[in-house]
1. Look through region 129-157, keep the residues that are open to solvent by 50 Å² or more (accessible area, probe 1.4 Å) and within 21 Å of Arg119 (Cα to Cα), and return whichever of them is modelled with the highest pLDDT.
2. Report, by residue number, each residue of region 107-152 that is farther than 16 Å from Ser47 by Cβ and either of a type in the set (A, V, I, L, M, F, W, C) or part of a helix (DSSP H, G or I) (or both).
3. Which residue pairs have Cβ atoms closer than 9 Å, lie 6 or more positions apart in sequence or on different chains, and pair a first residue in region 83-94 that is of a type in the set (Asp, Glu) with a second residue that is open to solvent by less than 80 Å² (accessible area, probe 1.4 Å)?
4. Taking Ala28 as the residue in question, decide whether it is part of a loop (DSSP other than H, G, I, E, B), open to solvent by less than 20 Å² (accessible area, probe 1.4 Å) and in contact with a Phe, Trp or Tyr (Cβ under 6 Å, 6 or more places away or on another chain).
5. Applying the selection to region 158-177, what residues are at pLDDT below 95 and surrounded by fewer than 17 Cβ atoms within 10 Å (Cβ to Cβ)?
6. What number of residues within region 75-100 satisfy the criterion of being farther than 14 Å from Leu36 by Cα and surrounded by 13 or more Cβ atoms within 10 Å (Cβ to Cβ)?
7. Could you tell me whether Phe158 is without any contact (Cβ under 8 Å) to a residue 12 or more places away in the chain, more than 19 Å from Ser184 (Cβ to Cβ) and part of a strand (DSSP E or B)?
Amino acid sequence: MLKRNQARFFGVLPLLICFVASGCSTLAELKVHYELPPGSTALSGRSMALLVEDGRKVTEILGKGAAKEYEHFSGKVSFSYARYGEPGFKQGLYDLRELFTAAFTKKLENLGMDVRTERAPGALELVIRVEEYSLDFVDRRWIARAVYEARVEENGRFLASQRISGQSERLKIIGRKQADAVMSELFTDTVNQLDVVRLLEQAERVR
């Protein structure tokens, strides 16, 4: 019996050490939730290729202050989305290009558009060039920033563009809940700010 108890103790000892030593280096998860606006058929029957470019000068999502709060951050975010007035759907861990691709795909489909992932001769392309999407922690405040340019092109020829930027802040109360909230709010606001219908109207005038 003693030997059996000793065996059990030594079997769980590594786990106990692991939990004491910062939870076995558990990855800190940053959550981004995107909420779609009301659906529309404004672009029903139309198709477009969607391409996302990473044009950031600083490729890390977390600034120095936020990085201290998110130990062992993998560089990917946990993405979920919700249709207007409905509960959300968790999608998985995405890098920046996957995150923006997923959100803008949902946005275009929400307008009735058929979204493609590859260029086609003579077809319009929506190119999202992300210039910044970041989170920092300064003076007990979470600070989120986002900047991107949306361009409509045809066979590599520029037709129209919109530039969207935003910043949001929240006071840290406890843990990282407010960080998830501020990143989600900013992401939803900036993605939904893009007026795709107007952008296409501008593109058609010079096409």
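1. First, pick out the residues of region 129-157 that are open to solvent by 50 Å² or more (accessible area, probe 1.4 Å): 129, 131-132, 138-141, 145, 155-157.
Keeping just the survivors that are within 21 Å of Arg119 (Cα to Cα) gives 129, 155-157.
On the way: Arg129: 98, Asn155: 91, Gly156: 89, Arg157: 94.
Among those that are open to solvent by 50 Å² or more (accessible area, probe 1.4 Å) and within 21 Å of Arg119 (Cα to Cα), it is Arg129.
2. In the first step, residues of region 107-152 are kept if they are farther than 16 Å from Ser47 by Cβ; the result is 128-151.
Hits for region 107-152 are Ile128, Val130, Leu135, Phe137, Val138, Trp142, Ile143, Ala144, Ala146, Val147, Ala150.
3. Glu86/Leu36
4. Values: part of a loop (DSSP other than H, G, I, E, B): yes; open to solvent by less than 20 Å² (accessible area, probe 1.4 Å): yes; in contact with a Phe, Trp or Tyr (Cβ under 6 Å, 6 or more places away or on another chain): yes.
So Ala28 fits the description; yes.
5. Leu171, Lys172, Ile173, Ile174, Gly175, Lys177
6. 12
7. Answer is yes for this residue.
Residue-by-condition table, conditions (1) of a type outside the set (A, V, I, L, M); (2) within 22 Å of Phe104 (Cβ to Cβ); (3) at pLDDT below 95:
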{"site": "Phe10", "(1), (2), (3)": "yes, no, yes"}
{"site": "Ile17", "(1), (2), (3)": "no, no, yes"}
{"site": "Thr26", "(1), (2), (3)": "yes, no, yes"}
{"site": "Asp54", "(1), (2), (3)": "yes, yes, no"}
{"site": "Ser78", "(1), (2), (3)": "yes, yes, no"}
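The values are calculated or read from the model by the stated rules, or taken from the named source; none is laboratory data. What you see is a predicted model, and the numbers here were worked out from it, not measured in a lab. Cβ atoms come from the backbone with ideal geometry, glycine included; neighbour counts cover every protein chain shown. We work out accessible area using only protein heavy atoms, side chains counted, and drop any ligands, DNA or RNA first. Shrake-Rupley method; radii C 1.70, N 1.55, O 1.52, S 1.80 Å.
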